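Take a look at the structure set out below.
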C-alpha cells in the first residue's frame, strides 16, 4: 500500500507557508484602489478633445482620481494623508512624488491617497484658476465622508504637496472657508494638517515659480488674483498646523517660499515645524532617502502616527 504524502507536515514547508501567508497579508495591506473623484458631473468642465497621456507622469488630466493605499493594519493610527504631486501645473509627477510617498506612509500606518488632479487648461475648464483647488477640496470631502467606511478618523485628514503640489495643498489649507464644489452635506473642507515639500507658496513676482503661475493664472494676472493665490497672504489663526521642508540651494522654487509661509504661520500662532537642508536643490527627496524621518517624528508627536 502506498504511503500518504506528508510533504505538508514537514517543518520547512510549514515555515514556507507561514512566510507566504505574511507576504500576502503585506501585499493586501498595500493594495491600492483607484477612486473616481466625482461620482457625477465634473464641476467647472467643458467638452473638449483633450485626452490624458503618460505613464507614471501624466499630462492633460481630465478625469481626476484618488489612488488609495491602505495602511499597515498593525500600525494604523486612523490618520489619512492626501498626497498632491508637483509638476509645475503642466504635468503630474505621479509615481516619483505620489506613489513612493504613499507607500512609505501606508507602511507606517497612515492611509495614503494620491491625487491625480486636473491641470489648469482653458480648453477643458470654464475657469482654469480654480480647477485644481476644486479637485483638492473634493478629495478632502471624499476622504472625510468615507472615513467610517475606511476605518479612519475624520478629524485626522491631512494634505501633503510637493513643489506646485505644495501650492495646491497650501491653497486647500488657506481657502477652505469657501467651497468651490458642491457640498450639500456641509462637510468640513479644512485639512487637519498640512505637509509641504519644497513648495511653491506665492504667486508674487519676488517669490513665484513663473511657469507655475503662468499655467495657473495666465500671463498677465491682476494684482487681486495674484494676491488671492499667494497663500502666504491667506494665512489666518485657524490655518492648519504645518510641516515644511526645503533646501537652501533650491534653484527652481526659492526657499523663501517656505520661509515666508513659516513666518506668517508663526505670527498667527499656528503650530509649524520647518526643516531646511543646506544642499539638495529642487526635488531633493530623490537624493536623500532619509528625508521622511523628521516628518515621521512630527506626525508621531501630534498623534497622527502611532508611537
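A few points about this structure:
- Of the residues 101, 36, the one with the fewest other Cβ atoms within 10 Å heads the list, and the complete ranking is 36, 101.
- Largest mean-square fluctuation among 94, 180, 268, in a Gaussian network model of the chain whose springs join Cα atoms under 10 Å apart, belongs to 268.
- Taking the chain as a Gaussian network of alpha-carbon nodes connected by springs under 10 Å, the highest mean-square fluctuation of the residues 252, 92, 143 belongs to 252.
- FRET E, pair residue 126, residue 33, Förster distance 25 Å, beta-carbon r, rounded to 0.05: 0.25
- Highest-MSF residue in the chain out of 166, 158, 54 [GNM, Cα springs under 10 Å]: 54
- Protection proxy ranking for 135-141, 71-77, using the average of other Cβ atoms within 10 Å per residue and placing the highest first: 135-141, 71-77.
- Neighbour-count ranking [beta-carbon atoms within 10 angstrom, fewest first] of 69, 113, 262: 262, 69, 113
- The residues 209, 167, when put in order of fewest to most other Cβ atoms within 10 Å, stand as 209, 167.
- Cα-projected label distance for residue 297 with residue 227, points at 7 Å along beta-carbon direction, nm: 4.0
- Computed from the C-beta positions of residue 281 and residue 188 and an R0 of 35 Å, the FRET efficiency is 0.40 to the nearest 0.05.
- Theoretical FRET efficiency, 1/(1+(r/R0)^6), r = Cβ-Cβ of residue 220 and residue 249, R0 35 Å, to 0.05: 0.65
Each reported figure results from applying straightforward, stated rules to the coordinates on display, with no laboratory input. What you are looking at is a predicted structure, and each value in this text was computed from that prediction instead of being measured. For neighbour counting, all protein chains shown are included, and Cβ atoms are generated from backbone atoms with ideal geometry for every residue, glycine included.
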